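These notes concern the structure reproduced below.
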């Protein structure tokens with residue numbers, strides 16, 4: 001009888017320990033953060049030589065997320081071409097009074113300037129004496145974000161004014177061709193061409209806007225089991241600036257605090273998926289759950305930071 005009691009006692013202990021482990025594992029809130037995913041990333045743009053009657057951008061409102069644009073000029077470029085591209089930078093700065101340019105190393109530069117067909121892997125779109133355009137961008141909702149651009153200057157330009165250089169730089173800023181031959185964005189060079197007034201006006205408008213994050217929810221699922229809630233939610237940043245010190249707060253319809261989850265940051269043009277399991281509710285009768293993105297800084301739109309779920 002003594003041995004049987006000991007065996008029964010050990011079985012009881014094992015049962016209790018196992019039950020405790022299961023309870024801790026399944027009944028404790030758990031947050032799982034997957035790797036960041038790029039939103040709308042595009043490695044480059046396929047420009048079309050067709051010109052429109054009005055000046056438009058390849059993607060409306062596309063821009064860099066800063067006003068001091070960095071550049072690197074390939075050492076292969078002649079002094080004449082270097083002088084002309086610097087003059088083009090100065091003209092854009094003078095015309096807009098809001099965009100500036102600064103030299104940088106090749107790896108970090110916003111714009112790479114080359115002077116041969118082999119520079120930075122020549123692509124399909126060759127216009128007159130050169131080529132230019134965004135080579136990397138995020139196709140975001142508010143302001144499609146230009147990450148990198150390229151200007152290739154193949155031939156010497158006989159015009160005193162840096163028409164080809166300006167033409168290709170405006171392509172980098174996302175502008176397409178126009179079918180009015182008196183303007184710089186006409187597909188073919190004429191030495192008397194001038195800058196389209198809409199160009200500088202649009203650049204002034206875009207680059208006077210403060211770069212901000214834009215956070216919002218998507219891909220939400222939720223399931224209530226008794227007094228426990230399982231849910232998953234995707235959090236996105238489609239703004240022009242990284243969002244830091246974000247909290248995901250959860251409450252019920254009576255605004256009882258059910259949990260708060262921190263994550264360090266959400267870079268521009270990325271999303272993150274959150275999974276929360278077995279979050280304990282205040283009552284079995286809970287019908288609605290509030291999800292709140294608590295971000296201390298400014299955004300383009302904070303109204304989409306609150307989500308109400310029926311469970």
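Worth a mention:
- Counting 0.36 nm for each residue step from residue 219 to residue 141 and taking away their Cα separation leaves a gain of 26.4 nm.
- Extended-chain gain in nm, criterion 0.36 nm per residue less alpha-carbon gap, residue 209 and residue 155: 15.8 nm
- Projected label distance in nm at residue 180 and residue 288, using a 7 Å step from Cα toward the beta-carbon: 5.3
- Here r is the Cβ-Cβ distance between residue 56 and residue 97 and R0 is 25 Å; the resulting FRET efficiency, rounded to 0.05, is 0.60.
- Only Cα pairs under 8 Å and 6+ residues apart enter the sum, and on that basis the relative contact order of the range 49-207 stands at 31 percent.
- Length available on full extension from residue 78 to residue 302: 0.36 nm per residue minus the Cα-Cα distance, which gives 75.6 nm.
- The range 248-311-the range 73-118 distance, computed between alpha-carbon centres (Å): 46
- Ordering of 85-93, 288-296 by burial proxy (mean other Cβ atoms within 10 Å per residue, highest first): 85-93, 288-296
Quick note: the coordinates plus some simple rules give every number you see, no bench work behind them. Note that the structure is a prediction, hence the values are computed from the model and not measured. Please note: Cβ atoms are built from the backbone with ideal geometry, for glycine as well, and neighbour counts cover all protein chains shown.
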